[in-house]
Ligand SMILES: Nc1ncnc2c1ncn2[C@@H]1O[C@H](COP(=O)(O)OP(=O)(O)OP(=O)(O)O)[C@@H](O)[C@H]1O
Ligand SMILES: [Mg+2]
C-alpha cells in the first residue's frame, strides 16, 4: 500500500503539520482555500445586501444636475460620465441578480464595463469631476497617481496598493470596495516614450500600463491586506474582484492635438524646402481637436492598444474661457471668491471684487495656461498685503478689488468704519 502525500485539490499545496487538510469524498481542501471560499461566498451575500439598501438609481440627468453644482461647464464630459455611471450600476445590479440567483435578468447577456478616459488640458476639472462623482454616488473612491507607480518587475505591489486603498476607504468591507470607483490620474505620463518605441524595453511607461491592465480588465486580484481587520477570515492576503470596479482615467495629454491634426489634415507637401504650410487660420481649435480624438491618436501618443481598449469611453474636457473662469471664481459651492470673503468675514470685513476685476483675473489665468489652477495663486498674490494689514487695523469695514489692482496699478481700496459707528459698537459691546 503506497502512501501518496495528500494535496489540496484546489491549490495543490501538500499536507504537512502546518497545513492540515479536510478530506472530502473526492479529494482534500486546505485551510487557506476554505478561508478563500468563505470569503467569496460571503461577498455574494453582501452583494445582495448592498443591492437592497441601494434604493432607486439616480437617472443620468439627476447625476449631471448634481455635478453642475460643483463643476462649471464640461457638459459633454458630464453627460458621458453620468451615463457611464448609470450603466455601470445597472450592470452591477444585473451581475448581483445573477450571482444571487435572483430576479429575471437574462443570464446569457454579459454587459461589458465602460471605463472612462477623461482627456483635457490641465486645470479644467478632470480630478474635480471624478471626486465630485464619488461624492454623488456614495461609493468608495480612491485616486491613484499613475506617475507614482513603479516600473515593471516591481509594479505588482504598487498597482495592487490602489485596491488596498480602495478597501481602506470602504472600511475594510470587501463587497463595498468591489463597487468602488478608482480614478487613475495622469495616465498621459505613463505613455511609452517615443525614443523607446522600438527595441528597448520601456520600464517606466509601458510596463506600468501592462500592470494596470490586469486590474482594469476585471479579474480576481490578490492583495496583501496586512493590518486590515480580519473580518473576511483571510489572514494576510485576500482576493478582490475588480470586475465591478469602475475605472476612470484622466490625463492632460499635452500635444495630443498634434496627432489628431495630422490625421485630420495631413500636410500638403510632407518634405522639402518648399513644403507648403497649412494656413494657420484653418487650424481647428484645441477643443475641436480633443472632441475628434480617437483611440488611434492615443496610440500614437504612446498608450498601448490593450490599455486604450479597456477605456471604451473617451470624454473630452474643454479649455476654460474667460466666462467659465469667472464662473469658477464665483459660482461653485466652494468658489474661490466665496472662500476669501469668508476669511475676511472672520475679521468682520467685507471683501468685494468688481466685475472687471474678475475678468482681469480670468484673463491672467488664461495667460498662465494652467486652467482654473492659476486662479488661486493670482488671488493669493493680490490679497496678500491686505490680508497682512487688515487684521491689525481693526477699523476696516470693506475692501474693494478692481481691475487696476489685478494689473498691479493700484492698491486695494480700504473703506474704514465711521467713527460714530465704531463708538456705537464699543459702547454697545
Ligand atoms: N470646470 C471647473 N469648474 C469648477 N472648478 C474647476 C473647474 N476646473 C478646474 N477647477 C478648479 O481648478 C482646480 C484644479 O482642477 P482639477 O484638479 O480638476 O484639474 P485637472 O483637470 O485634474 O488638471 P491636471 O491635468 O493638471 O491634473 C480644482 O480644484 C477646481 O477648484
Ligand atoms: Mg488632475
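Given 0.36 nm per residue, what is the gain on full extension from residue 224 to residue 352 after removing their alpha carbon distance, in nm?
This chain segment gains 40.8 nm when fully extended.
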message = Expected output is a single nm value to one decimal: the length gained when fully extending between residue 4 and residue 94, i.e. 0.36 nm times separation in residues minus the C-alpha distance. What is it?
response = 27.9 nm
note = With a Förster distance of 45 angstrom and the Cβ-Cβ distance between residue 392 and residue 122, calculated FRET efficiency to the nearest 0.05 equals 0.75
message = If I take R0 = 35 Å and measure r between the Cβ atoms of residue 418 and residue 376 in this structure, what FRET efficiency does the formula 1/(1 + (r/R0)^6) give, to the nearest 0.05?
response = 0.55
query = Among 387-398, 12-23, what's the highest-first ranking by average C-beta atoms within 10 angstrom per residue?
reply = 387-398, 12-23
key: Inter-probe distance in nm under a simple model that places probes 7 Å from Cα toward Cβ, at residue 109 and residue 171   = 3.5
task = Taking 7 Å along the Cα-to-C-beta vector as the label spot, tell me the residue 363-residue 16 distance in nanometres, rounded to one decimal.
result = 7.7
query = Under a point spin-label approximation (7 Å from Cα along Cα-to-Cβ), what is the residue 331-residue 131 distance to one decimal in nm?
reply = 2.0
query = Can you tell me the Rg and the Dmax, both Å, for the Cα atoms in region 322-428?
reply = 15.0, 52
key: Extension reserve of the residue 69-residue 237 stretch, reckoned as 0.36 nm per residue once the Cα distance is removed   = 56.4 nm
query = Based on the mean of other beta carbon atoms within 10 Å per residue, what is the order of 401-407, 344-350, 116-122, most packed first?
reply = 116-122, 401-407, 344-350
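Laboratory data are not the source of any read-out in this text; all were calculated from the coordinates shown. Keep in mind it's a predicted model, so treat the numbers as computed, not measured. Glycine gets a Cβ as well: all are built from the backbone with ideal geometry, and neighbour counts include every protein chain shown.
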